[in-house]
Amino acid sequence: MSTGRDPETTRGSGDLDPRFGRYGGQYVPEALMPAIEELEDAYRRYVLDDEDGFMDDFRARLRDFGGRPTPLQRADRLSERYDTEVYLKREDLLHGGAHKLNNALGQALLAQYMGKERIIAETGAGQHGTATAMACSHLGIDCEVYMGRTDINRQRPNVFRMLANGAEVKPVDVGRGTLKEAISQTMRDWAETVEDTHYVIGSIVGPHPFPRLVRDFQAIIGEETRRQFRDRERVGDSPDAVLACAGGGSNTMGAFHAFRPDDVDLYAVEAGGSTLAVDEAAGVAPNSASLSTGSEGVLHGARTRVLQDGDGQVVESHSVSAGLDYAGVGPELAHLVETGRVRAVSVDDDAALEAFHRLSQTEGVIPALETAHAFAYLERHHDELGEEVVINVSGRGDKDLETVLEETAARDVENAPDMSVFEATDGVMGGGHLKDAGGDGSD
Amino acid sequence: MTAVTDAGAAGDEGVAETARGMARAFAEDAAFVPYLVAGDPSAEATVEYVEALVEGGADAVELGLPFSEPIAEGATIQEGIVRALEGGMTPERYFELVERIDVDAPIAAMTYYNLILQHGSRSEGPPSVEPFVARAAEAGVEGVIVPDLPVDEADPLRAACDEYGLDLVFIVAPTTTDERLAAALERVSGYLYVQARLGTTGAREETSDRTAESLARLEDHDRELGVPTAVGFGVSAGEHARRVTAAGADGVIVGSALVDVVAEGVERGRPTAAVADELREYAAEFKRGAVAGAGDGKAGAPDGNGETGAPDRDGETGAPDGDARQDGPEPRLRTGGGTDGGP
């Protein structure tokens, strides 16, 4: 734990520091602590020390079931557009359509090694829920997923997928019915069922050891990227910058972790929502930018950056992207931003929607709205990022099509395609008018 | 050491010999410790409710300061917290409310760690627990209970509570290991909150088998305890209270069952005074149950080892009152009476 060494990258079974600088820790009810200690022990044995060949089993399943490695692809037209070498780490091509499977499969498998009989999980966008449902179906474990009512309504395709994989979807009606409430409710379930149940948390949040455990399962993204980049035998060994969107931050840390020792700028792109201001009276932050605008607090078991009012009440976050819509962030990211290793930046809803259309039109990749935030940052700041940039395409956008159609109709998104074909049929666009598609020359 | 009360009675129970702070609730006989959410549905109502509970026999009060993410609470208390937050309850209003409550029973603030951390925090530098504890002490709060603060993270708050003379109550669960129990016992003051079963708060018809197990385990630590034990989670009738103290607990904590009464008052638009009356009666039922159980425990097992509850009920107390209550004007109350065959 000396400051000169990097405790986060230490491997082997010593005592693990539950903190990342000031952040992290274990702020959970006592009833959960024994299970958390049991999990820490299992993490040390199976993940860090590879007992019983756990990591080999995990990697083999990621390959055969998940489809790893995912490609690192040069984005030809974006590279031309920005006069920058732009590479896409295609996590959208992982089974299920997002990086989430890395973690869900890892934790579900770990739970099986630990002898747990039941899996519970929370989900926001539904990506973690679908990944967990797939992993549990693959491994033959019972799975229940808590999901906010609002998210159920805006992520219907993912709800269907979870049900199709045999999971039970449990609606959470408390509060605004999004990720924050779903996590709280899953923790309550776990407090009651902790002896035979493992909670597959969906991001690098929660009490230690979850932030490390999830990061280690996701770190394969950056490990592959780093190797793939070098295999291209280009001028530099490393890209100048790696960009990833950041909600809870699992794809972010997954993409960044391997690059931490390198001379690579790391950008965590948060959801700026409609504005970065917090409305304390209404208890609402019209954004989800906890790294950029939050303050130090304790949420869901960890000390981290939190969107909160002056009293410490957690406020409702907002983002057009359900997967980024969260009032907290992983404690490790909070720490890395504080030390300056990671830069926290943000883009608003409009820019994200525009970026969604741009990537879809120019590269043939329909990104998740979460991912689109990283591309929006690239659009605005490409000349500050260096010559070679990697963007983590954390997920595909099929799940977001309905939202994008609605949101695009409600706003003047300049590069949106012409959707009038819908108006002619059933008025599904809610009377919204759509502008002409401007191809990629919209700015 | 001040405020020495009936040292003989306290000593019999293995309780602190000098009763101060939260522990004085346990000095005379088996304690009844109710929980309410402050500001549910208003600060004025809470003042009346707390006073009524103490009139009814409460020996200490756990007063919840509502937090937006109450991960340890079941539906009943979550809803109470929502009502309180919607009613405008804030930490500062909470302390003002405590200052207005005129009771002898000590009050413990029960809240989540983030509110403690943020109170009076400045924009510069990391937040500190000290301003909260200082303000709580000033307002007359005598103890703090933090459901999301396990012993592992509690040293800063323990230090601040020591500085300002507040007790810090820890919760132990059925899953708590011996090592963790020992760590809690090193740091606890006031009383040890024994969680009767796994899960979140909420009224239950049956007390858990694991309550008895937990208490039996605490017996092993009895000599080193130094603090009384109070059992909570799921207690919803005088009969439960009786079983809990008969099994060896020094007191019983009741939360959701009382918050249910408040909730129903809100739903039916009942006057505050009427709800307060009901709380007073309900408090009396719990207190009678707790005291009767303590008597049973002593009669059945002088070592306090009556974990299955004494079979010979005291006809004057616990159970009949619980039944009487069931026949009262509030039939929805899930008073266990003699229907459940639990321990």
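The values are calculated or read from the model by the stated rules, or taken from the named source; none is laboratory data. Since the structure is predicted, the reported quantities are computational estimates derived from the model, not experimental observations. Note: ideal-geometry Cβ built from the backbone for every residue, glycine included; neighbour counts use all protein chains shown.
Numbers for the structure displayed
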quantity: Single unsatisfied condition, A:A281 versus (1) within 12 Å of chain B (Cβ to nearest Cβ); (2) crowded, with 24+ Cβ neighbours inside 10 Å; calculated: (2)
quantity: Qualifying residues in the range A:370-412 (those that are part of a helix (DSSP H, G or I) and of a type in the set (S, T, Y)) - the one farthest from A:P157 (Cα to Cα); calculated: A:Y377
quantity: Qualifying residue in the range A:174-197 (condition: β-branched (V, I, T) and free of Cβ contacts under 8 Å to residues at least 40 places away in the same chain); calculated: yes
quantity: Residue ID - surrounded by the most Cβ atoms within 10 Å (Cβ to Cβ), chosen from residues in the range B:38-63 that are away from every other protein chain (no Cβ under 14 Å) and closer than 23 Å to A:R188 by Cβ; calculated: B:D40
quantity: Criterion: free of Cβ contacts under 8 Å to residues at least 12 places away in the same chain and within 14 Å of another protein chain (Cβ to nearest Cβ) - qualifying residue of A:D64, A:D17, A:D50, A:D41; calculated: A:D41
quantity: A:L243 among the aliphatic types (A, V, I, L, M) and more than 14 Å from the chain's Cα centre (by Cα); calculated: no
quantity: Sole exception among (1) at pLDDT below 95; (2) within 14 Å of chain B (Cβ to nearest Cβ) for A:G312, by number; calculated: (1)
quantity: Residue satisfying condition, being in contact with a strand residue (DSSP E or B) (Cβ under 8 Å, 6 or more places away or on another chain) and on the phi > 0 side of the Ramachandran plot, within set B:G120, B:G125, B:G140; calculated: B:G140
quantity: Odd one out for A:S319, checked against (1) of a type in the set (G, A, S); (2) surrounded by 24 or more Cβ atoms within 10 Å (Cβ to Cβ); (3) closer than 27 Å to A:L32 by Cβ; calculated: (3)
quantity: Criterion violated by A:A416 - all others in (1) touching a helix residue (DSSP H, G or I) at 6+ places or on another chain (Cβ under 8 Å); (2) at positive phi satisfied; calculated: (2)
quantity: Filter result (closer than 26 Å to B:A173 by Cβ, in a helix (DSSP H, G or I) and either touching a Phe, Trp or Tyr at 6+ places or on another chain (Cβ under 9 Å) or modelled with pLDDT under 95 (or both)) within the range A:9-40; calculated: A:E30, A:A31, A:L32, A:M33, A:P34, A:A35, A:I36, A:E37, A:E38, A:L39
quantity: Qualifying residue in the range A:284-293 (condition: of a type in the set (S, T, Y) and within 14 Å of chain B (Cβ to nearest Cβ)); calculated: yes
quantity: The range A:93-103: number of residues that are in a helix (DSSP H, G or I) and under 12 Å from the mean Cα position of the chain (by Cα); calculated: 4
quantity: Any hit, the range B:99-109, residues being facing chain A (nearest Cβ under 9 Å) and small (G, A, S); calculated: no
quantity: Hits in the range B:136-159 - residues which are closer than 18 Å to A:Y27 by Cα, among the hydrophobic types (A, V, I, L, M, F, W, C) and either buried (at least 17 other Cβ atoms within 10 Å of the Cβ) or within 13 Å of chain A (Cβ to nearest Cβ) (or both); calculated: B:V144, B:I145, B:V146, B:L149, B:V151, B:A154, B:L157
quantity: Tally of residues being within 25 Å of B:T177 (Cβ to Cβ) and in a helix (DSSP H, G or I) across the range B:136-165; calculated: 9
quantity: Total residues in the range B:166-181, condition part of a strand (DSSP E or B) and more than 10 Å from chain A (Cβ to nearest Cβ); calculated: 3
quantity: Flag if A:V298 is in contact with a strand residue (DSSP E or B) (Cβ under 7 Å, 6 or more places away or on another chain), modelled with pLDDT of 95 or more and facing chain B (nearest Cβ under 8 Å); calculated: no
quantity: Helices (runs of 4 or more DSSP H) fully within the range B:69-135 counting 2 or more residues that are among the β-branched types (V, I, T) and buried (at least 24 other Cβ atoms within 10 Å of the Cβ); calculated: B:75-86
quantity: Selected residue (criterion: farthest from the other protein chains (Cβ to nearest Cβ)) from residues of the range A:161-196 that are among the acidic types (D, E) and more than 19 Å from the chain's Cα centre (by Cα); calculated: A:E168
